[in-house]
Amino acid sequence: MRVEAAAFPPSRLGGDRPGNLTKGVGVSDHIVALTDSTFDETISGADKPVLVDFWAEWCGPCKMIAPVLEEIASENGGKLQIAKLNVDDNPNVAMRYNVMSIPTLLVFKPGESAQEARRLVGAKGKAQLLQELAEFVA
Amino acid sequence: MTKFREQAARFGADFVTADADRVDLASAPFGVWVDGTEYRGEALIISTGATARMLGLESEQRLLGHGVSTCATCDGFFFRGKRLAVVGGGDSAVEEATFLTKFATQVTLVHRRDELRASKIMAERAYANPKIDFRWNAVVDDVVGNGRVEAVRLRDTLTDEHSDLAVEGVFVAIGHDPNSALFRQQLDCDDAGYIVTGADSTSTSVEGVFAAGDVQDHVYRQAITAAGSGCMAAIEAEHWLAAQEPTARQ
Ligand SMILES: Cc1cc2nc3c(=O)[nH]c(=O)nc-3n(C[C@H](O)[C@H](O)[C@H](O)COP(=O)(O)OP(=O)(O)OC[C@H]3O[C@@H](n4cnc5c(N)ncnc54)[C@H](O)[C@@H]3O)c2cc1C
């Protein structure tokens, strides 16, 4: 069953801070939420690589990696910006990048929003994620 | 999930988000290694879960996330109005196929035998679903496509003949393997690799080591049963620790 993200307190997405998902305010201290309308400006305006986590409320593996991403964000925030995009609410960006499976993590280099620099599909442990993201967090 | 985690933290749990790569279960305190860092504990609860089995094809890895999926509930949404194949013949394959008909125009269940292994009620529901058809005695030899799935190449197990089935997505549901490799030399596991636990208990073949969830359960494999057995393991570990205390103080 589809569940509306808005029905849940934002704390489910990592962190206790109030954050309005649809407006692109920070999901937590270290993670920002993107939308169809804020995606392009965020990527093109970034001064470091941005990892975008495509997720949905009804996706169990997405929840499994949420705390891992939160940790990676807090430990590597200086090198890599982590962002989340809810595919339910923001279908256009997901379609544009042919996201057909979630969680999908796309890493964009600053200014290069036309094509992702890295695509990771499926839930992975922290060690494996860090290994696959090595060039962006080194 | 976040709330469970927050509650555990409130009660004093420390989290190390990393993959354990070695264990020593010879005697308490048991050892767990993460990247060379050693952790020791008087009791150990194993809840490493199970991993979806894959077909083992190069093309499957290449097209993972581009039409190949192992999670219908996660990815069904992306296949609205498309034709799909589901590989497998057990309860989870039939459940996934049935679920996917909410989005797909047609779902073909590809199974290597000539009848389903799924429970009767699930199978009958699938047979009655006009959007589900079946390819019996067929295995997937290749996933065809460049950048996205265009077809699956099937081999008939009786005639060895190949044929392509045009689909835009493939869902692999051929079972799960317990994540028990780390423990297999040191704990009793069954033939399929599941950690063997005592009757009505999460105790393993080593006293003080407990196993909960999918890594020890090939029957139910549900979130609620995993959580329930996790609670059992916590209580059993607590009893075990309490029983150890007098000797530890001597
Ligand atoms: C697609 C899908 C849909 C499902 N739908 C439902 C449903 O609708 N209802 C329901 O009740 N159940 C459902 N289930 C089943 C449910 O998700 C599982 O039964 C449950 O998650 C099992 O919990 P667990 O804690 O045993 O294992 P998991 O949830 O798999 O957790 C295991 C954890 O251990 C970690 N781990 C593994 N090895 C190591 C290591 N060496 N070191 C450190 N960490 C490690 C993994 O990274 C993972 O985080 C579904 C499962 C799948 C795959």
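Laboratory data are not the source of any read-out in this text; all were calculated from the coordinates shown. The structure presented is a predicted model; accordingly, all values stated were derived computationally and were not measured. Backbone-built Cβ (ideal geometry, glycine too); neighbour counts: all protein chains shown.
Key figures
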item	result
Relative contact order %, chain B, counting alpha carbon pairs below 8 Å whose residues are six or more apart	20 percent
Potential lengthening between B:ARG40 and B:SER205 on full extension [0.36 nm per residue; Cα-Cα distance subtracted]	57.5 nm
Where labels lie 7 Å past Cα in the beta-carbon direction, separation of B:ALA123 and A:MET95 in nm	4.1 nm
Under 5 Å, built H, 5+ apart or other chain: amide partners of B:VAL34	B:ASP21, B:TYR39
Counting DSSP beta bridges with both ends in chain B, the antiparallel % (nearest 5)	55 percent
Net charge contributed by nearby residues that have their C-beta within less than 12 Å of A:ASP36 (K/R +1, D/E -1)	-3
Span from the the stretch B:212-231 Cα centroid across to the the stretch B:1-75 one, whole angstrom	14 Å
Rounded to 10°, Cα long-axis angle of helix B:223-249 versus longest principal axis of chain B	20 degrees
Rounded if a/c under 1.5, otherwise prolate or oblate - the protein assembly as shown, Cα gyration tensor axes	oblate
Extension gain, B:ARG148 back to B:SER27 (0.36 nm per residue minus Cα-Cα distance, nm)	38.5 nm
The stretch A:81-138 - percent relative contact order, Cα under 8 Å, separation 6 or more	22 percent
Nitroxide proxy distance, nm - points 7 Å out along Cα→Cβ at B:ARG10 and B:GLN185	4.2 nm
Dipole magnitude of the protein assembly as shown about its Cα centre (Cβ charges: Lys, Arg +1; Asp, Glu -1), debye to nearest 20	880 debye
Stretchable slack from B:ARG62 to B:ASP133, in nm (0.36 nm times residue separation minus alpha-carbon distance)	22.9 nm
Partnerless Cys - chain B, beta-carbon criterion under 4.7 Å	B:CYS189, B:CYS231
Given A:LYS63/B:LYS82; A:LYS84/A:LYS126; A:LYS48/B:LYS82; A:LYS84/B:LYS3; A:LYS124/B:LYS131, the pairs whose alpha carbons are separated by over 29 Å	A:LYS48/B:LYS82; A:LYS124/B:LYS131
Tensor-based shape of the stretch A:20-133 (alpha-carbon gyration tensor, a/c under 1.5 rounded, otherwise prolate or oblate)	rounded
Three-way shape label, the stretch B:133-250, alpha-carbon gyration tensor, a/c 1.5	prolate
In order through the stretch B:91-108: 3J(HN,Hα) via Karplus (6.51 cos²θ - 1.76 cosθ + 1.60), integer Hz, x for Gly, Pro	4, 5, 4, 5, 5, 5, 4, 5, 4, 5, 5, 5, 10, 7, 7, 8, 10, 9
Over the stretch B:54-174, relative contact order from alpha-carbon pairs under 8 Å, at least 6 apart, %	33 percent
